[in-house]
1. Residues in the range 76-86: is at least one aliphatic (A, V, I, L, M), under 18 Å from Phe17 (Cα atoms) and touching a residue at least 40 places away in the same chain (Cβ under 8 Å)?
2. Inside the range 1-51, can you point out the residues that are surrounded by 18 or more Cβ atoms within 10 Å (Cβ to Cβ) and of a type in the set (S, T, N, Q)?
3. Would you pick out the residues in the range 52-62 that are of a type outside the set (D, E, K, R) and surrounded by 15 or more Cβ atoms within 10 Å (Cβ to Cβ)?
4. Just one of the numbered conditions (1) free of Cβ contacts under 8 Å to residues at least 12 places away in the same chain; (2) at positive phi is not true of Gly300; which one?
5. Output the residue which, of all residues in the range 276-297 that are more than 19 Å from Leu152 (Cβ to Cβ) and either surrounded by fewer than 16 Cβ atoms within 10 Å (Cβ to Cβ) or charged (D, E, K, R) (or both), is farthest from the chain's Cα centre (by Cα).
6. Can you find even one residue in the range 50-65 that is modelled with pLDDT of 95 or more and closer than 12 Å to Ala101 by Cα?
7. Just the residues that are of a type outside the set (A, V, I, L, M), surrounded by fewer than 23 Cβ atoms within 10 Å (Cβ to Cβ) and within 20 Å of Asp76 (Cβ to Cβ), please, taken from the range 131-157.
Amino acid sequence: MSKWTATRIPDLSGRTFVVTGANSGLGLTTTKELARRGAHVVLAVRDETKGRRAVAEISDGRPGARLEVRRLDLADLDSVKAFAEGVHADGMPVDVLINNAGLMAPPRGLSPQGHERQFAGNHLGHFALTGLLLDLLQAGRDPRVVTVTSDLHRGARIHFDDLTGARRYTPMRFYRQSKFANVAFALELARRLRAAGSPVRSLLAHPGYTATNLQSTGPTGLQRTMLTKITNRLAAQDAATGALPQLYAATAPGVESGQFFGPDGFRELRGHPKVVEPDPAAEDPETARRLWQLSEDLTGVHYAAGPS
């Protein structure tokens, strides 16, 4: 494909996008570009004060932007269910869900429901949110679910025998597990939606190596110093470029369910959107079915779309 930039996003007037983690980094950039093209954007954020600041920042440059803030803590399944119930109760349409929020490499911790925090927030919360909004998406205009992962999913796996890291936890190892889960989930969702004849498309995107607050809010100690003061300055691209793959997946005409978009530069670290390939292990149907069943059991959210 030719070099694609945000200037090629079509008019989005009359369409509603839900963006998780929309108050900073890739989520904020994504929200700005969607609003610029006329979309109604729901900023699904853990901290509503930060969400309102983001709305004020966007509105300064685009008066009249259709933005609203709703609280969503993806690591807390009660919060996910409350968010979805609120959207339904208000009769809000949802055309596109962008599963963007993420937590990277914090010290070990557990969610309110007892799940490892990265697996809970990066995967289980998005799995539950997607399932709870799927009926609204089914009725949407050009409906899509865009799940944002990382190229670090490659070479990772699901630690089914130590899912919470109780026996052996290292921050980056469990971050990579959660990003692998994102890929396996999105590809399995695409298979299930296709089998059910659903109009919803499930797509994947990764930003390459992009400088955001992800590197500073999760890691601690030497790892944080290396990422924020050295590696980011030498190798990272800015959020405006890093957000392009997910914006392409969310808005470009002609994308196909199950496609994965990442940067076109060296080792997919930087650049403009292109179709990329996932780790073959994340495409394994048996791994995906096992993860899907586990995710339904842990979240209590069961999808209407039939098995693949």
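1. Checked the range 76-86: at least one residue is aliphatic (A, V, I, L, M), under 18 Å from Phe17 (Cα atoms) and touching a residue at least 40 places away in the same chain (Cβ under 8 Å).
2. Residues satisfying the conditions are Thr16, Thr20, Asn23, Ser24, Thr29, Thr30, Thr31.
3. Initial filter on the range 52-62 (of a type outside the set (D, E, K, R)): 54-56, 58-59, 61.
The answer is Ala54, Val55, Ile58.
4. Answer for Gly300: the failing condition is (1).
5. Going through the qualifying residues, I end up with Glu286.
6. Checking the range 50-65: not a single residue is modelled with pLDDT of 95 or more and closer than 12 Å to Ala101 by Cα.
7. Gly131
Residue by residue, here is whether (1) touching a Gly at 6+ places or on another chain (Cβ under 9 Å); (2) modelled with pLDDT under 65; (3) assigned to a helix (DSSP H, G or I) holds:
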position: Phe185; (1), (2), (3): no, no, yes
position: Arg192; (1), (2), (3): yes, no, yes
position: Gly197; (1), (2), (3): no, no, no
position: Leu203; (1), (2), (3): yes, no, no
position: Thr212; (1), (2), (3): yes, no, no
position: Ala240; (1), (2), (3): no, no, yes
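The values are calculated or read from the model by the stated rules, or taken from the named source; none is laboratory data. Since the model is a prediction, treat every value here as computed from it, not as a measurement. Methodologically, a virtual Cβ is constructed for each residue, glycine included, from the backbone with ideal geometry; neighbour enumeration extends over all protein chains shown.
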